[in-house]
Amino acid sequence: MKKGFTLAEVLVTMGIVGLISALTIPAIMKNYKNRIFAASIEKAYSQLSDATKAIMADEMADSLYKTRLAMYNNKCGTDNAEGACYFLTKYFKTTKKGCGTKAYSPNNVCLGDVYQNLDGTYKTKVNASDTEGQYEVVTGFGYCVQTTNGFTICGTHNVANGISTYIIDTNGPAEPNVAGRDLFTFDLQADGTVADYGGLSRAPEDCGKINVDGFWGWSAGCLNKLMQAGWRMDY
């Protein structure tokens, strides 16, 4: 006599499989997304590093801060041959120039309107006119472009402290718009090195902590943490 499974046994088995799937699929998806985010920021970091080396070579400068990058020009008005405006448009292949948030540039969007820190406990609207907003990207920070691979890069040279600071959102205005996942902040060093926000010595343990300079410091430590982990995003 052939024996088969009873309906009850089949239902129990399906229930177990469903429970296992419910427990494991979210973790698998998170790991998959993290690999994409990590690969994207690694590529963006590499391109930014190549660009700093290129401008130093082209201008035969022994310091990045002796090139035209190290000037404040975030408007690209009548003279666009200096600052981030010059650097980003010359050394990156772009699809958008002078772009920003929907609030500031409704016809030229390359940034999200709302960003948050890693645990989602703190958010900011990047439109300075919003009462909830404390920091904003375009007018108060620098010049932005979107590249052909979808990265949004914004930069400025701070004449007060002599440091060029750049942000990269690896998928433009698309979500998640989370500092430390798709949004990172970099300091460009005099020798052309692309460093974590706050320098090469920024502690990886700072990643995800709101402890420096508000919005721009939200990702501080995350670049160093990623690099130490071999570009694996395990947080």
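Within the stretch 212-222, can one find any residue that is assigned to a helix (DSSP H, G or I) and under 23 Å from residue 94 (Cβ atoms)?
First, pick out the residues of the stretch 212-222 that are assigned to a helix (DSSP H, G or I): 214-217, 222.
Restricting the remaining residues to those that are under 23 Å from residue 94 (Cβ atoms) gives 216.
Yes, the stretch 212-222 contains a residue that is assigned to a helix (DSSP H, G or I) and under 23 Å from residue 94 (Cβ atoms).
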Checklist entry - Pick from 122, 72: which is over 19 Å from residue 178 (Cβ atoms) and modelled with pLDDT under 90? => result 72
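Quickly run through the stretch 146-167 and pick out the residues that are part of a strand (DSSP E or B), among the hydrophobic types (A, V, I, L, M, F, W, C) and open to solvent by 20 Å² or more (accessible area, probe 1.4 Å).
Passing the criteria: only 163.
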Checklist entry - Between residues in the stretch 159-180 that are touching a residue at least 60 places away in the same chain (Cβ under 8 Å) and residues that are of a type in the set (Val, Ile, Thr) and surrounded by 20 or more Cβ atoms within 10 Å (Cβ to Cβ), which pairs lie under 6 Å by C-beta distance while being six or more apart or on different chains? => result 168/153; 170/41; 172/152
Checklist entry - Which residues, counting only those in the stretch 83-102, are open to solvent by 50 Å² or more (accessible area, probe 1.4 Å) and either at pLDDT 90 or above or more than 12 Å from residue 173 (Cα to Cα) (or both)? => result 90, 93, 95, 96, 97
Checklist entry - What number of residues in the stretch 168-194 are assigned to a strand (DSSP E or B), of a type in the set (A, V, I, L, M) and under 13 Å from the mean Cα position of the chain (by Cα)? => result 4
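Give the residues of the stretch 207-223 that are touching a Cys at 6+ places or on another chain (Cβ under 8 Å) and at pLDDT below 90, sorted by residue number.
Quick first cut of the stretch 207-223, residues touching a Cys at 6+ places or on another chain (Cβ under 8 Å) only: 207-208, 219-222.
Once the filter is applied, which keeps residues that are touching a Cys at 6+ places or on another chain (Cβ under 8 Å) and at pLDDT below 90, the stretch 207-223 yields only 208.
The values are calculated or read from the model by the stated rules, or taken from the named source; none is laboratory data. As the structure is a prediction and not an experimental result, all values here were calculated from the model. In this analysis, Cβ positions are derived from the backbone assuming ideal geometry, glycine residues included, and neighbour counts consider all displayed protein chains. For the accessible areas, the whole protein counts, side chains as well, though only heavy atoms, and no ligand, DNA or RNA atoms are used. Shrake-Rupley method; radii C 1.70, N 1.55, O 1.52, S 1.80 Å.
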